[in-house]
Amino acid sequence: MDAADDTTTAALVIGMPLLLATVALVTWRVTGHALRPVEEIRAEVAAISDRDLHRRVPVPATHDEVARLAETMNATLDRLEASGIRQRQFIADASHELRSPITVLRTQLEVALAVRDPELWPELIGGALEDIERLQHLAADLLLLARIDAAQPTRAEPLDLTVLVREVVDSRLGDRVPVEVRLEPGVEVTANALWLGRVVTNLVDNAQRYADRRVDVTLRSTSGSGPRPHVAVLEVVDDGPGVPAADRERIFERFTRLDDSRSRDHGGAGLGLAIARDLSAHHGGTLTAEDSARGARLVLRLPTAHRP
């Protein structure tokens, strides 16, 4: 027994360090091999700058958590790249839109400065004031889009959409095209009154810009699906040339005008419908262009306010 005890002690004294060293070596090698893809992902992400958003991290063929991490990272880079492209396009479009009225305004002021006939000054100054007003509207629209993109929180409260639509339409005195309304009473939503009023105003403005003789505004509530059993549906229909099916999504893009010259004549910058859709999405709703017998038919859908 003493001999066996001595042998065991000697074996443990000699073998335990060797066993621990072997386990440590194997653990280090296995862990290093398992974490090598993570290090490659880290190195690639560290090398990506704001000018290299097209680059992607390598996805290992292991189909495990590390592979899913790489796929998630690439999806995030896709969103960042798309956001950067949208920002650059927005800046380019905004610069183009601002350059045109500024150029015209400068020309009008230079002509007014050169003309010595006081009788022509009112006409020249009036044209300059029109371009200044257009610049003011464009700057306000750009500021609103920046606030929407920044997802700044707004105060939302129960709102009678029927009353809001009625107030927006009644405040439009002397419009070129009359607006006929058919409003279901008591349609309530949870929204910011100022922003939702802007949505209604932009939809009516767009309809009147292209309508021939009339604009119809209809509000009703319908049964929905999911946690919101009822949906408020606002339809704005004009009798103008309408929107081709291929362009029904493109009209909601920023600075998009299907008829550029006509839109400029009517003072449109191509931001009204883009703002309306962004504000609709901000309130949990949708804004779409749908089929119509004649003209354009824009449909706003919003979840109704919850009633206990």
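Laid out as a table, the results:
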{"read-out": "Residues located in the stretch 1-54, provided they are polar (S, T, N, Q) and surrounded by 10 or more Cβ atoms within 10 Å (Cβ to Cβ)", "value": "THR7, THR8, THR9, THR22, THR27, THR31"}
{"read-out": "Residue under evaluation ASN74, criteria (1) closer than 26 Å to LEU271 by Cα; (2) surrounded by 15 or more Cβ atoms within 10 Å (Cβ to Cβ), criterion not met", "value": "(1)"}
{"read-out": "Hits in the stretch 190-217 - residues which are within 24 Å of ILE251 (Cβ to Cβ), outside any helix (DSSP H, G or I) and of a type in the set (Val, Ile, Thr)", "value": "VAL215, VAL217"}
{"read-out": "Residue within the stretch 206-222 that is crowded, with 18+ Cβ neighbours inside 10 Å and within 21 Å of the chain's Cα centre (by Cα) present", "value": "yes"}
{"read-out": "Restricting the stretch 14-65 to residues that are of a type in the set (Val, Ile, Thr) and not in a helix (DSSP H, G or I), the residue that is farthest from the chain's Cα centre (by Cα)", "value": "THR62"}
{"read-out": "Residue among VAL115, VAL104 that alone is of a type in the set (Val, Ile, Thr), under 27 Å from ARG134 (Cβ atoms), in contact with a helix residue (DSSP H, G or I) (Cβ under 8 Å, 6 or more places away or on another chain) and surrounded by fewer than 15 Cβ atoms within 10 Å (Cβ to Cβ)", "value": "VAL115"}
{"read-out": "Matching option when the condition is in a helix (DSSP H, G or I), within 26 Å of PRO37 (Cα to Cα), among the basic types (Lys, Arg) and more than 25 Å from the chain's Cα centre (by Cα), among ARG68, ARG106, ARG79", "value": "ARG68"}
{"read-out": "Among (1) touching a Lys or Arg at 6+ places or on another chain (Cβ under 9 Å); (2) within 30 Å of ALA140 (Cβ to Cβ); (3) at pLDDT 80 or above, the one test that ASP78 misses", "value": "(2)"}
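Residues checked against (1) within 25 Å of LEU145 (Cα to Cα); (2) in contact with an Asp or Glu (Cβ under 6 Å, 6 or more places away or on another chain); (3) at pLDDT below 80:
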site: GLU39; (1), (2), (3): no, no, yes
site: ALA70; (1), (2), (3): no, no, no
site: GLN87; (1), (2), (3): yes, no, yes
site: PRO101; (1), (2), (3): yes, yes, yes
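The values are calculated or read from the model by the stated rules, or taken from the named source; none is laboratory data. The model shown is predicted, which means the values in this text are computed figures rather than measured ones. Because the Cβ atoms are built from the backbone with ideal geometry, glycine has one as well, and the counts that use them run over all protein chains shown.
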